[in-house]
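The next block holds one structure in the form of structure tokens; read it before the comments.
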Amino acid sequence: MTTTRAEKVRDAAYRMRHHILDMGEVQGQGYVGQALGVADLLAVTYADQLRFRADDPHWPDRDRFLLSTGHYAIALYAALAEAGTVPVSELETYGSDGSRLPMSGMASYTPGMEISGGSLGHGLTVAVGMALGLRLKGRHQRVFNFLSDGELDEGSTWEAAMGAAHHQLGLLTAMVDMNALQADGPTKGVLGIEPAEEKWEAAGWFTQRVDGNDIDALLAAFDAAAERARPVGQPSVILCDTRIGRGVPLLETREKAHFMRIDEDEWQLCRDQLTEGHEGAR
Amino acid sequence: MTTATKRLTTSAMIASFADPGQRTASAPFGHALAALAERDDRIVGLTADLGKYTDMHVFAQAHPERFFQMGMAEQLLFGAAAGMAEVGLVPFASTYSVFAARRAYDFLCLDIAEPKLNVNIVGGLPGLTTGYGPSHQATEDVAIFRGMPNLTIVDPCDSVDIEQAVPQLAEAEGPTYLRLLRGKVPTVLDEYDYTFRLGKAAVLRGGTDVVFVSSGLMTMRALQAAEELAKHKVDVAVVHTPTIKPFDAETVLAEVDSDRLVVTLENHTVVGGLFETVASAVVSRGLGKRVVPIALPDEFLDAGALPTLHERYGLATDTVVAKVLAELDR
């Protein structure tokens with residue numbers, strides 16, 4: 001039986017979710033809900049779209065993936081472990097003293113981390129410079145910037161959105177995790193950002209909005225973005241509506257929290273639910 | 001209204017502080033950057049809608065394909081400069097000092113300084129070099145930037161400093177901040193046995209009564225005041241410290257550690273700039289030495305004509321002379 005792209009991505013996302021739960025248990029809490037929500041999105045990126053060498057994170061010809069949303073590092077570490085850049089055995093050091101995998105990834109010492117995120121609204125500005133710089137150097141690498149709907153509050157995101165369109169950075173793709181939640185509560189109540197598609201379109205971007213937990217839809221959207229990617233052209237944004245805690249019903253239905261508390265006896269339950277859900281879907 | 005009663009006006013955003021008849025060089029930063037780019041293809045220039053006002057337009061005309069207009073968006077300016085440095089380019093990114101220091105600090109700090117990227121921040125209108133008022137007077141830029149790890153801070157005196165600094169800023173591995181003097185910039189230091197060396201202070205002249213420790217345009221005023229004070233039989237040494245951070249404490253303290261009157265001169269608020277840099281070096285060394293600051297007051301400054309303001313806030317040559325004579329009880 002041949003494995004389809006979607007199956008390959010789905011299996012990667014499943015293993016990544018287990019990594020996320022394992023790392024979350026080390027801390028006893030954390031950004032587990034968001035990370036489970038974007039596992040499909042990062043699985044599509046790392047298992048299907050991104051050009052990189054797992055064993056050589058500084059390979060000059062690599063596409064760039066910038067994690068603007070620094071606290072999602074737990075999700076990216078899962079993707080990097082799945083890809084082979086970070087040994088799976090290292091994940092248990094997540095957030096611990098002396099670890100290369102701090103709560104918010106550091107470009108200076110975390111393998112596969114292009115920028116040090118954490119202060120929100122930075123990633124897209126840096127991505128604009130990378131895309132401009134790579135184009136000037138005659139290189140046709142793509143630049144992906146991962147950001148969250150909360151980062152659409154930041155004015156700098158829109159400075160960068162206008163700049164990317166003005167400079168016609170056709171190899172730049174932004175992916176936005178629209179999980180509808182930020183630190184103080186639902187995005188709708190903190191600072192309304194809808195209609196988000198219209199805002200990106202008005203800023204001059206090729207805009208798609210998809211169910212961020214539908215792997216077929218994600219693949220189609222990324223393929224459409226890749227199809228249009230060229231050195232001088234329209235930048236592309238994929239707004240991905242994701243479900244916090246996706247894959248673990250216990251967490252999907254729990255009251256949504258930016259920093260989710262999970263009790264000691266619940267972690268195994270979470271893992272069991274994740275495994276059951278994945279096997280049931282086969 | 002007769003000219004005799006007409007008051008001086010602010011006249012322009014960027015007033016020249018060159019004295020009448022003084023030798024000047026036009027846009028030394030822009031020409032130096034354009035020349036450097038001829039032999040170093042990593043050099044790129046960016047600005048946030050202030051190319052003409054930071055002399056970046058000279059570079060843009062010489063190397064249009066390597067010039068990037070980022071619009072009036074300072075966070076994008078410096079974030080993008082970081083991205084360019086990440087892919088191996090050496091950006092010089094210009095705006096006014098107020099906007100670099102006040103609007104874009106987080107981007108400079110986290111995207112550029114923390115990863116030690118070779119991004120060169122070029123800030124126009126440092127200290128009191130415009131009469132436009134507090135919105136454009138970066139009187140506290142050094143105070144803001146001195147706390148940022150990894151950042152080299154350069155406060156040039158004149159066109160000689162700027163021309164010689166630009167290649168050294170590009171060569172330095174980490175980020176730098178240049179307090180830009182633009183337009184017709186005085187040429188002063190070629191009259192001395194002097195070469196700009198990043199990170200180094202230089203004794204421009206010796207003197208037995210007073211030691212001036214100065215940076216930026218105040219070195220020009222220090223040299224003028226020293227000439228004037230000689231007429232009063234006061235012999236003044238001048239130590240120019242164009243690099244504020246890292247600070248060349250060795251050269252400066254060798255001069256400070258004497259029984260002469262020590263005076264710091266800076267185009268910056270008395271809080272957090274050269275005076276405090278010298279004072280902390282003096283205290284750290286355990287020298288029980290009084291240091292007299294000549295600096296801007298810790299307040300938001302008036303708008304007005306630049307000569308009026310330099311006089312009012314103590315940066316003019318004659319006010320420097322008067323202050324020193326008063327300190328010496330003469």
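The values are calculated or read from the model by the stated rules, or taken from the named source; none is laboratory data. Everything numeric here is computed off the predicted structure, so don't read it as measured data. FYI the Cβ positions are ideal-geometry reconstructions off the backbone, even for glycines, and counts take in every protein chain you see. Only protein heavy atoms, including side chains, enter the accessible area calculation; ligands, DNA and RNA are left aside. Shrake-Rupley method; radii C 1.70, N 1.55, O 1.52, S 1.80 Å.
Peptide A:115-126 has a mean of 6 when you count, residue by residue, the C-beta atoms of other protein chains within 10 Å of its C-beta. I'd like to know how chain B sits against the 2.2 N^0.38 Å rule of thumb: what's its Cα Rg over that expected value? That works out to 0.97 for chain B. Remark on segment A:40-130: Rg and Dmax equal 12.4, 35 Å (Cα only). The long axis of helix B:74-86 is offset from the longest Cα principal axis of chain B by roughly 70 degrees. Specify whether the C-alpha gyration tensor of segment A:166-282 places it in the rounded, prolate or oblate class, a ≥ b ≥ c being the square roots of the eigenvalues: rounded for a/c under 1.5, otherwise prolate if a/b is larger than b/c and oblate if not. Judged from the Cα gyration tensor, segment A:166-282 comes out oblate (a/c at least 1.5, b/c at or above a/b). Can you list the aspartates and glutamates whose alpha carbon sits under 18 Å from that of A:Lys137, skipping same-chain ones fewer than 8 residues off? Once the sequence-local aspartates and glutamates are set aside, what remains near A:Lys137 is A:Asp61, A:Asp63, B:Glu38, B:Asp40, B:Asp41, B:Glu65, B:Glu86. Averaging the sequence gap over all C-alpha pairs within less than 8 Å and six or more residues apart, then dividing by the number of residues, gives chain A a relative contact order of 22 percent. Which entries of B:Lys52/B:Lys184; A:Lys199/B:Lys52; B:Lys52/B:Lys245 show an alpha-carbon separation above 23 angstrom in the structure shown? Pairs exceeding 23 Å: A:Lys199/B:Lys52; B:Lys52/B:Lys245.
From its DSSP helices (H runs of at least four residues, each -39,500 (n - 2.57)), chain A gives a residue-normalised ellipticity at 222 nm of -13000 deg cm²/dmol. Using Cα positions and a limit of under 20 Å, work out the lysines in reach of A:Lys256, with same-chain residues fewer than 8 apart set aside. Cα-Cα hits under 20 Å: A:Lys188.
Partner aspartates and glutamates whose Cα lies under 15 Å from the Cα of B:Lys231, excluding those fewer than 8 positions away in the same chain, are identified as B:Asp209, B:Asp318. Note on chain B: GNM, Cα springs under 10 Å; of B:Tyr105, B:Tyr313, B:Tyr192, the largest mean-square fluctuation is that of B:Tyr192. For segment B:231-305, the share of accessible area belonging to carbon and sulfur comes to 52 percent (1.4 Å probe, ligands and nucleic acids excluded).
Sequence-distant contacts, meaning Cα pairs under 8 Å at least 6 residues apart, place the relative contact order of segment B:198-289 at 36 percent. Considering only A:Glu151, A:Glu159, A:Glu25, the Gaussian network model of chain A with Cα springs below 10 Å gives its largest mean-square fluctuation to A:Glu159.
Taking a ≥ b ≥ c as the square roots of the eigenvalues of the alpha-carbon gyration tensor, segment A:187-255 is classed oblate because a/c is 1.5 or more while a/b is no larger than b/c.
Where the accessible area of segment B:24-186 is counted over protein heavy atoms with a 1.4 Å probe, how much of it, in %, is carbon and sulfur? That share works out to 50 percent. Summing both sides, the accessible surface hidden between B and A at a 1.4 Å probe radius is close to 1800 Å². Expressed as a whole percentage, what fraction of the accessible surface of segment A:5-281 belongs to carbon and sulfur atoms when a 1.4 Å probe is rolled over the protein heavy atoms? Roughly 48 percent of what the probe reaches on segment A:5-281 is carbon or sulfur. Dividing the convex hull volume of the alpha carbon atoms of segment A:5-281 by its residue count gives 114 Å³ per residue. The residues of the protein assembly as shown have, on average, 39 Å² of accessible surface per residue, using a 1.4 Å probe with all protein chains present. With q set to 0.06, 0.07, 0.08 Å⁻¹, the log10 of I(q)/I(0) for the protein assembly as shown, from the Debye formula over equal scatterers at the Cα positions, is -0.39, -0.51, -0.64. Peptides A:92-98, A:250-256, B:178-184, B:224-230 ranked from most to least packed, by the mean per-residue count of other Cβ atoms within 10 Å: B:178-184, B:224-230, A:250-256, A:92-98.
Take the Cα radius of gyration of segment B:199-327 and divide it by 2.2 N^0.38 Å, N being the number of residues; the result is 0.99.
From the largest down, segment A:129-192 spans 44, 17, 14 angstrom on the principal axes of its Cα atoms. Could you compute the net charge surrounding A:Leu169? Neighbours are other residues with a C-beta less than 11 Å from the C-beta of A:Leu169; K and R count +1, D and E count -1. Charge balance in the 11 Å sphere: +3.
Segment B:70-98: which residues show an accessible-area loss of 10 Å² or more, assembly versus chain alone, 1.4 Å probe? At a threshold of 10 Å² (probe 1.4 Å), the residues of segment B:70-98 that become less exposed are B:Met70, B:Ala73, B:Gln75, B:Leu76, B:Gly79, B:Ala80, B:Gly83, B:Met84, B:Glu86, B:Val87, B:Leu89. Note on segment B:139-237: semi-axes of the ellipsoid equivalent to its C-alpha gyration tensor, largest first and rounded to whole Å, are 26, 15, 13. Computed over segment B:24-186, the range of Cα coordinates on each principal axis works out to 38, 37, 27 Å, biggest value leading.
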